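The values are calculated or read from the model by the stated rules, or taken from the named source; none is laboratory data. What you are looking at is a predicted structure, and each value in this text was computed from that prediction instead of being measured. FYI the Cβ positions are ideal-geometry reconstructions off the backbone, even for glycines, and counts take in every protein chain you see. When the accessible area is computed, the model is the full protein with side chains, heavy atoms only, and any ligands, DNA or RNA have been set aside. Shrake-Rupley method; radii C 1.70, N 1.55, O 1.52, S 1.80 Å.
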Amino acid sequence: MKAFPMFLATSGRRIVILGGGEQAAQKARLVIRTDAEIIVAGFEFDEELRALAEEGRLRLVDAHEIHADLFERAAITFVATGSAGADGALHALAKALGAPVVNVVDRPALCDALTPSIVDRDPVVVAIGTEGTAPVLGRQIKTAVETMLEPRLGALAALAGRMRSAVGQRLSARARRDFWVWVFSGPVRRAHSSGSERRAAQLLKARLEEGPGAAEGSVAYVGAGPGEADLVCLRGVRRMQEADLVVHGPDLPGGILELARRDAERRVAADPVEVALDAARSGARVVLLAPGAARDLPQPLREARGLMIEHVPGIG
């Protein structure tokens, strides 16, 4: 990666756009839904920008008024005049006046930050970047993601946010994770996506009142395939995203572990089967990664009692 993906905080800050034409209007459309103060500086302004200013959604200033104060509290400054020469000059001016983060349209070499393609289900936001190399590909990926995420998903995330404190007070870390997996994978999400938002909230609160059951340990024996992360089957990836612990032998390619949940424990063991069983008996949800297809379930797993054992073969 040549650019690290992050989300910029905009509350109490401003976004500055230098330029007043169509390119500047495009950037205004991109950022208008944030809570930042938006300031557009130019000599002449597109009708769309004038309309947004009349609605009070952004502020227009004359380019002669560009000074250091303009960039105070600026989360990002866009340079978007449509002229390569003017863009270069304004980039230099903005940096000289202290703009901390500058993006120049279609000039990756002059950008401190790159603009991604965005899928907006506020507060759920997906950003897709190609480091400026393939914007058309980024838009194609955006289209695919748009079809994956239901239009009401943001409202469900907002409901979860309102309930997060109550869930945190009542449930342990493991139980919280199980609870939210149930919320976003089961009847709550289905009810919400179908338009039954009240029913979804009732289901969520009723489940929270029930409280967690006893933590049940499990082992998912997952075939890691020939060593490439993109060849692990979908169910195997899901189990790695749910695991408390990922256990494997010393001969497993390291790239596979990138698929695991970031805060899951990773452990290399000479006898990974025994380590996995011990952890599962303590209530942990364990993924045991085996190289290759892992077509045969090890005998200790076949004979294990009182645990949920799942066999997820991989590609040979």
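Results, tabulated for the structure shown:
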| read-out | value |
| --- | --- |
| Area of L259 that stays accessible when all protein chains are in place (1.4 Å probe, Å², to 10) | 40 |
| For the stretch 68-136: Kirkwood Rh in Å [reciprocal of mean 1/r, alpha carbons] | 13.2 |
| For the chain: relative contact order, % (alpha-carbon pairs under 8 angstrom, 6 or more apart) | 12 |
| Surface share of carbon and sulfur [accessible, 1.4 angstrom probe, percent] for the chain | 52 |
| Cβ-Cβ FRET estimate between R238 and R29, R0 fixed at 51 Å, reported to 0.05 | 0.90 |
| V124 accessible area, assembled protein chains, probe 1.4 Å, Å² | 40 |
| Cα long-axis angle, helix 197-210 against the chain (0 to 90 degrees, to the nearest 10) | 40 |
| Alpha-carbon centroid distance for the pair the stretch 125-178 / the stretch 276-316, whole angstrom | 30 |
| Helix-derived mean residue ellipticity, 222 nm - over the chain, DSSP H n ≥ 4, -39500 (n - 2.57), to 500 | -11500 deg cm²/dmol |
| Three semi-axes of the equivalent ellipsoid, the stretch 35-89, Cα gyration tensor, whole Å, largest first | 18, 16, 10 |
| Fully extended contour minus Cα-Cα distance, from E150 to A175, at 0.36 nm per residue | 6.4 nm |
| Alpha-carbon centroids, the stretch 1-73 and the stretch 192-255: separation in whole Å | 41 |
| Per DSSP, loop trypsin sites (Lys or Arg not before Pro) in the stretch 276-316 with at most 13 further Cβ within 10 Å | R295, R305 |
| Neighbour cut-off at most 16 other Cβ (10 Å), DSSP loop, chymotrypsin sites (Phe, Trp or Tyr not before Pro), the stretch 1-70 | F7, F43 |
| Surface accessible to a 1.4 Å probe, per residue, for the residues of the stretch 217-316, Å² | 51 |
| Of the trypsin sites (Lys or Arg not before Pro) in the stretch 1-89, those whose Cβ has at most 10 other Cβ within 10 Å and which sit in DSSP loop | K2 |
| Scattering profile of the stretch 1-63 at q = 0.25, 0.29 Å⁻¹ [log10 I(q)/I(0), Debye over alpha-carbon scatterers] | -1.01, -1.27 |
| Degrees separating the helix 272-281 axis from the principal Cα axis of the chain, which is the longest one | 90 |
| Share of Cα-Cα pairs in the stretch 180-316 lying beyond 27 Å, as whole percent | 30 |
| Inter-probe distance in nm under a simple model that places probes 7 Å from Cα toward Cβ, at R139 and A157 | 2.3 |
| Rg to Rh quotient for the chain, alpha carbon positions, Kirkwood Rh | 1.09 |
| Probe 1.4 Å, protein heavy atoms only - accessible area per residue of the stretch 32-142 in square angstrom | 54 |
| Antiparallel content of DSSP bridges confined to the chain, in %, to 5 | 15 |
| Extension gain from A89 to E216, taking 0.36 nm per residue of separation minus the Cα-Cα distance | 39.4 nm |
| Nearest-0.05 FRET efficiency for R262 and R190, computed from C-beta distance (R0 25 Å) | 0.35 |
